[in-house]
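Before any comments, here is the structure.
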Amino acid sequence: MISMIMVLNQKGDIMISRQYRDDVGRAAADSFRLQVVAAKETGTEAPVKRIENCSFLYTRHLNMYFVALTRSNVNPALVFEYLFQLIRILKAYLGEDFDENAMRNNMTLIYELMDETMDFGYPQNCAVDVLRLYINLGNVRPQDEPEPSQLTSQITGAIDWRREGIRHKKNEVYIDVLESVNLLLSSNGNVLRNEVTGQVQMNTKLTGMPECKFGLNDKLVIDKEKEDRKPGVEIDDCTFHRCVRLGKFDADRTITFIPPDGEFELMRYRVTDNINLPFRIIPAVQEEQGMTKVSINLKVIANFSDQLYATHVVLKVPVPKNTAKAKIKHSFGRAKYEPEQQAIVWRVKRFAGKAECHINAEVDLMPTVRPKPWSRPPINVEFQVPMFTASGVHVRFLRVYDKSGYHTNRWVRYITKAGNYQIRI
Amino acid sequence: MAKFVGNNDKGSDSRFFTTQKKGEMHELRMELHSTDRNVKVDAVKKVIASMTVGKDVSMLFTDVLNCVQTGNIELKKLVYLYLINYAKTQPELTLLAVNTFVKDASDANPLIRALAVRTMGCIRVDRITEYLCEPLSRALRDEDPYVRKTAAVCVAKLYDIAPELVAERGFLEILHDLISDSNPSVVANGVAALSEIAETSGKDVMKISASVLQKLLAALNECTEWGQVFILDSLAKYTPADGREAEGIIERVTPRLQHANSAVVMSAVKVILSYMELMGSQNSDVIRALTRKLAPPLVTLLNSEPEIQYVALRNINLIVQKRPTILEQEIKVFFCKYNDPIYVKMEKLEIIIKLVSEKNIDQVLLELKEYATEVDVDFVRKAVSAIGRCAVKLERAAERCIGVLLELIQTKVNYVVQESVIVIKDIFRRYPNRYESIIATLCDNLDTLDEPLAKASMIWIIGEYAERIDNADELLDTFLETFEEEDPAVQLQLLSATVKCFLKNPEDTQDMVQRVLDLATEESDNPDLRDRGFIYWRLLSTDPEAAKMVVLGDKPVIEDDTFKLDPSLLNVLIGQIATLSSVYHKPPESFVVRRGAGETNEFDDDDDDDDDEDYEGGGEGEVDLLDMGGLGIADGAGGAQSKERQVPLQKVCGPEKSGGLEISAGFTQRKRKIRLEIEINNISSATEVASLAIQLNKNSFSLSPASQQIVCNPPVAKGSTGRTFCELVINANMMAPPPAAGQPVSPQVQIAIKNMTSGTVFYFAVNCNFEALFSADGAMERSAFIESWKSIDDRSELYGTVSDLPPGAADIESVQKKFLQNNVFFIARRPVPGAEGQEVVYFSMRTVSEMEFLAELTFKQGVNACKVCLKTENTAYGLLAKQALESLLRY
């Protein structure tokens, strides 16, 4: 199991080191500093590194290295998941962008958290809500601090993600269905890769220990119910928050759970069939003989209902390195050549559904002594389309059952974003 | 989400890092004794901050320990953190904390009870361990689940320190009971602890029976994500009784494939894959269904963080080798995204090559071509090489692959061309005489080649197809101009290619081949090249026809190497899915070193984690472990033989001279290296001895330290004893002036040592045990011995009798054996003519400084004494050599 967790800064200085087993020592930090930090190779080198039979598994947050050391044959996914959890916990305590200073300022708190979330190299309870009940540096003492025994049953309970006795005046659930579309089109319009990854984010404000049942228009469920409705969406695969009863899902694909209080990610899913691409882009890029000019012609079509609109649309059309200037004609939005991006960047704040746009650019190139061939990187597209799902997934129901039988307000939002949305030219 | 803890400078912990001036320790000490709780807490925080940055704050041990008597749980946690770090260096003082621990372990607050048990388990001091057993035994039966789950892990901790205690106290049985605990966290930690003990001891302490199995499967639904991983990993080690049981377990495990935590998913995959093996072929339907179920979660893993993707890809690499059907339809998901990290892209490429088939080759080639235009050189090269590997793998697609390679060569990008040439050579070797038409294109790009491997490949192609290249000899000639500067690999290829060329076209290349052979045999100092040159030369000059058969003979066609992992290794690794072993693609034994079984603690340094005098205890425990595992070294005769002679150390320096240290030292030889063994007994030096610097005066043996620095690992604290050594080398400059004629040299070596921690310098002298200098390479030919023996004047013989030898020491066989271990080599043995029961034995030895000594030992049966006669040219050292033999005889 894990022998030690270290946090190092960019220079490789130890900021935090917590030893769980005595088969590695601080000196290991030196080998890590020399072989990984100094090499500045992160991003190219694998995140698992073996130096003299000591394995270093590391990830980064900002410019800090979170490193787990071990000498045994550990489960590497477990180690990384713990490191991610640790970073998540620190984010919850110290703020999303906690930095070196924040780490130093709260060193003792961090030690306390590390002591609680891992014992002898085995990860223990990592639920932030529960940790907050008893690790708070004495700064915040909630009035209703639970009795120690109640606390411990919380920490070790089957439902360690939710504490008992939560009360809300209004019972509400916010559901966000976030989809990101990954697309790779070849220059002649063939789909090389296309998939949607979706997340269902929830924010629950519910009293007591409510039992929830959640339903999407999952094809497998709809087919079973045999209702004369639109066919459901074929979901390739999904993963669930640990509150969801997986056995139940496996048996009849119903999603049942007692939710954590507040924000959490209920599930992720993946869809690869019948995807509605929100934008169609037809490129025509020609390099002129002798490499003095490139002409670019683009047609962009918003392929969704005219009731909706897309926001934050950004199209990056790469141009060669030696571009001198670009003459751009377009019907709306703002477009200009941005040398630092080596691309023509076209931005549109609001792109109505069914709208079409043409862009025309004449790019003049500077003459170079040794003309290098241009690698023609793909066009990159970013966008957000509210109230639209590329996969066609929608929430069919969310039922909340509680002893007291209160009424729950539900709010559902959909948004589709571009993931890796690329068109080769 | 609101920020929870203030970031403001006032009251933040960063101020504790800043103040570290002189006299500060004193100040800290005062603060630690303050009556104001806040001052006290702050002081402890400062101590922890210093500890974090690696400063030694062990001198505050008692002061910090004093703070432990507090009801404040925050302060308590900090003090315990300090204790864990420094307990080893202050084992005596740590005992003072025992009372607090014991008291806390029965506190009313379960959080404190658990904290005490958890911390005690982390303190690896023998005597603390004794006190641990009672509270632990209570904690394991505590009414509070939080305490029980902590206690469960603590049993694993205790097993690591003192396995016999765990057995004695019956903790294993209690641990086993915890598997049926009502609380899932307790079950999870119980399983984790048992699995660990099972692994370290090599015994099946987990004992999964039918009922245990049911409990584990039931807990699987209840447990935390980590607990699920522990349970799944232990299930993977279990062998189901039959196919039906396997199927039943798999059914319970498959829902885990939907878990958000990738570790749970991977462990579930591992269980399913291992059990599929056991189900055999009769259940082909079930296996097909499982195969379909495994693909989606594996693909989903590729949407996780890059680190997880990397781990998943390394595992998938194994899975597609074992069961190619699982992902055969999914090759697209392994196509690289533009912004994937390089390490992910590289792994994806490997898998693409493994999944490529005639159905998808066109798509794959388009992708690979795309990658070959990217910027990262390593990735581009790998993509180009992948195209070649596709060609080698798929015969019917080879032509298309070559087409793509030719297109890429046209880009004239230096490294693309080079890599293409390298893979084209492989394609030629796979499909001889099929694609020679492209050689012309390759030849156009000769100038771009500057890497040895690419050059060597190109030269191989030229030599192999010399008859089809009009100007093969000219091309080779251009390379020959720089022959001497080339890499050996290129030189070898040039030599072979020129010879091939000559055999195919002898008229025009006579001069050239002569030149190459000259260069190879006369100018080069590379033995491989010279040997090959001579072989060719001889072949060509004696029998050109034979040369043709040898040099131009058919070469074996190379095989597609994409499924290269050896099947037995692959099976081992499939059982190791979701472990580091599957990431490294190496069996665990190759990188997991059990402690006590080899070199340990390479990383250990002197600050915080070293074994102190309780090291011995821990060590013994581990040896026991090994014996249980059946790995112990054979005992009996073998054991006795392998025992090395312990050099008796001489007391050389008392505490009054060296600032409170008592030093003993002696010379010895280990693994062919001469060492000065030093034993340090820290009688009264307050600072612990961690590092020493050593200097030797000129001496009769030219000895000089290999490194001036000696590290004491572990550091020697007051009241303890530590051993270290200094490696010595022979340095002619260190030779002392020779003694007056006829006088023996002084055996003394004068040494100065500086204690780097305290700055004290002290001097002493050690008498050299001459036998430590005998060289392991000193064996002498019998004839040489006789010659030397005769040539040395009888007057310089040294005589002596060694009497009162210990019983058995006069047995010639054992003397011979003993001497051999100490590099005194046996020459001959013969009975003395005319003297019943007497035998003479001859030995020789040579020191590392090349002095030879010849010895004649006479034994008489039944007499525990022996006559020694010694001859040497180096008379001044004769006496020492004789003494050395005597001490070896007596030992």
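Taking a ≥ b ≥ c as the square roots of the eigenvalues of the Cα gyration tensor of the range B:331-454, is the shape rounded (a/c under 1.5), prolate (a/b larger than b/c) or oblate?
The shape class here is oblate.
What ranking do A:309-319, B:165-175, A:125-135, B:257-267 get when scored by the average of other Cβ atoms within 10 Å per residue, highest first?
My ranking of the peptides, most packed first, is B:257-267, A:309-319, A:125-135, B:165-175.
Counting Lys and Arg as +1 and Asp and Glu as -1, each charge on the Cβ, what is the dipole of the range A:4-126 about the Cα centre in debye, to the nearest 20?
So the magnitude is around 280 debye.
Given an 8 Å cut-off on Cα distances and at least 6 residues of separation, report the relative contact order of the range B:701-807 as a percent.
Computed over the range B:701-807, the figure is 18 percent.
Per DSSP helix of 4 or more residues, -39500 (n - 2.57); summed, then divided by the residues of chain A. What does that give at 222 nm, rounded to the nearest 500?
-4500 deg cm²/dmol
Pop the C-beta distance of A:Asp250 and B:Glu130 into the FRET formula with R0 = 45 Å and round what comes out to the nearest 0.05.
0.35
Could you work out what % of the accessible surface of the range B:242-394 is carbon and sulfur, using a 1.4 angstrom probe and leaving DNA, RNA and ligands out of the count?
Ligands and nucleic acids excluded, carbon and sulfur reach 48 percent.
Got a sec? Which residues of the range B:114-146 lose 30 Å² or more of accessible surface with every protein chain in place, vs. that chain alone, 1.4 Å probe?
B:Arg118, B:Tyr146
Residue by residue through the range B:44-59, what is 3J(HN,Hα) from phi via Karplus (6.51 cos²θ - 1.76 cosθ + 1.60, θ = phi - 60°)? Round to whole Hz and write x for glycine and proline.
Ordered by residue, 3J(HN,Hα) equals 5, 4, 4, 4, 5, 4, 4, 4, 4, 7, x, 7, 7, 10, 5, 5 Hz.
At each listed q (0.05, 0.07, 0.09 Å⁻¹), what is the log10 of I(q)/I(0) that the Debye formula gives for the protein assembly as shown modelled as equal alpha-carbon point scatterers?
Normalising to I(0) and taking log10 leaves -0.52, -0.97, -1.32.
Quick check: the distance between the Cα centres of the range A:383-401 and the range A:79-101, to the nearest angstrom?
Each part reduced to its Cα centre gives a spacing of 30 Å.
Nearest 0.05, what FRET efficiency do A:Glu172 and A:Gln150 give at R0 = 35 Å with Cβ-Cβ as r?
Calculated transfer efficiency: 0.85.
What translational diffusion coefficient, to the nearest whole µm²/s, does the range B:433-589 have by Stokes-Einstein, given a Kirkwood radius computed over alpha-carbon pairs, a temperature of 25 °C and 0.890 mPa s viscosity?
137
Considering only A:His168, A:Ala39, B:Val271, whose Cα is most displaced toward the positive end of the charge dipole of the protein assembly as shown, charges sitting on Cβ of Lys, Arg (+1) and Asp, Glu (-1)?
Most positive-ward Cα: A:His168.
Separation between the B:Lys671 and A:Lys349 pseudo-spin-labels, each 7 Å from Cα along Cα→Cβ, expressed in nm?
In this crude spin-label approximation the distance works out to 7.3 nm.
Which residues of the range B:328-351 show a drop of at least 30 Å² in accessible area when all protein chains are present, compared with their chain alone (probe radius 1.4 Å, heavy atoms only, ligands and nucleic acids excluded)?
B:Lys332, B:Lys337, B:Tyr338, B:Ile342, B:Tyr343
How large is the helix-only mean residue ellipticity at 222 nm for chain B, computed as the sum of -39500 (n - 2.57) over DSSP H runs with n ≥ 4, divided by its residue count, in deg cm²/dmol to the nearest 500?
Using -39500 (n - 2.57) per qualifying helix, the result is -15500 deg cm²/dmol.
Once the dipole of the protein assembly as shown is set up with Lys and Arg at +1 and Asp and Glu at -1 on Cβ about the Cα centre, which of A:Val200, A:Trp374, A:Ala28 lies farthest towards its positive end?
The one lying farthest along the dipole's positive direction is A:Val200.
Can you tell me the Rg and Dmax of chain A, counting just the alpha carbons, in angstroms?
Final numbers for Rg and Dmax: 26.2, 80 Å.
On the protein heavy atoms, probe 1.4 angstrom, tell me the percent of accessible surface of chain A carried by carbon and sulfur.
That fraction is 46 percent.
With the dipole of the protein assembly as shown worked out from charges on the C-beta (+1 for Lys and Arg, -1 for Asp and Glu) around the Cα centre, which of B:Leu476, B:Ile128, A:Tyr65 lies farthest toward the positive end?
The one lying farthest along the dipole's positive direction is A:Tyr65.
Would you list B:Thr542, A:Thr389 from the most to the least accessible area, probe 1.4 Å?
So, going from the largest accessible area down, we get B:Thr542, A:Thr389.
One-quarter of the Cα convex hull surface for the range A:4-126, in nm²?
Value for the range A:4-126: 6.9 nm².
Quick check: Cα centre of the range B:380-438 to Cα centre of the range B:725-794, how many Å?
Each part's Cα centre sits 64 Å from the other's.
B plus A alone minus the pair: what accessible area, both sides summed, probe 1.4 Å, in Å² to 100?
Using a 1.4 Å probe on protein heavy atoms, the buried area is about 9500 Å².
Based on the alpha-carbon gyration tensor of chain B and its eigenvalue square roots a ≥ b ≥ c, which shape applies: rounded if a/c is under 1.5, prolate if not and a/b is larger than b/c, or oblate?
Oblate shape, in that a/c is at least 1.5 and b/c is the bigger or equal ratio.
Show me, for the range B:842-855, the HN-Hα J-couplings you get by feeding each phi into the Karplus relation (A = 6.51, B = -1.76, C = 1.60, θ = phi - 60°), rounded to Hz, glycine and proline as x.
3J(HN,Hα) across the range B:842-855, in whole Hz: 10, 9, 9, 8, 9, 7, 5, 9, 6, 9, 9, 9, 10, 10.
Nothing charged except the Cβ atoms of Lys and Arg (+1) and of Asp and Glu (-1): what's the magnitude of the dipole of chain B about its Cα centre? Round to the nearest 20 debye.
2080
Can you tell me the relative contact order of chain A? Whole percent, Cα pairs under 8 Å, sequence separation 6 or more.
15
How high is the relative contact order of the range A:330-418, given as a whole-number percent (alpha carbon pairs under 8 Å, six or more residues apart)?
Relative contact order of the range A:330-418: 25 percent.
Could you state the accessible area per residue of chain A in Å², with a 1.4 Å probe and every protein chain left in place?
43
Could you do me a favour and compute the accessible area per residue for chain B, 1.4 Å probe, result in Å²?
44
State the percentage of accessible surface on the range B:435-554 attributable to carbon and sulfur atoms; use a 1.4 Å probe and exclude ligands, DNA and RNA.
That fraction is 46 percent.
Roughly how big is the protein assembly as shown's charge dipole about its Cα centre, with Cβ charges of +1 (Lys, Arg) and -1 (Asp, Glu), in debye to the nearest 20?
For this selection, approximately 4320 debye.
Looking only at the range B:464-503, which residues have a backbone nitrogen under 19 Å from a spot 7 Å from the Cα of B:Asp543 in the C-beta direction?
B:500, B:503
Using only the heavy atoms of the protein chains and a 1.4 Å probe, how would B:Trp226, A:Trp374, A:Trp411, B:Trp537 rank by accessible area, largest first?
Of B:Trp226, A:Trp374, A:Trp411, B:Trp537, the descending order of accessible area is A:Trp411, B:Trp537, A:Trp374, B:Trp226.
Find the centroid of the Cα atoms in the range B:209-256 and in the range B:483-545, then give the distance between the two in whole Å.
Rounded to whole Å, the Cα centres lie 66 Å apart.
The values are calculated or read from the model by the stated rules, or taken from the named source; none is laboratory data. Remember, it's a predicted structure, so these values are computed and weren't measured experimentally. Positions of Cβ are backbone-derived with ideal geometry, glycine not excepted, and every protein chain shown enters the neighbour counts. Quick note on the areas: whole protein, heavy atoms, side chains included, nothing else; ligands and nucleic acids left out. Shrake-Rupley method; radii C 1.70, N 1.55, O 1.52, S 1.80 Å.
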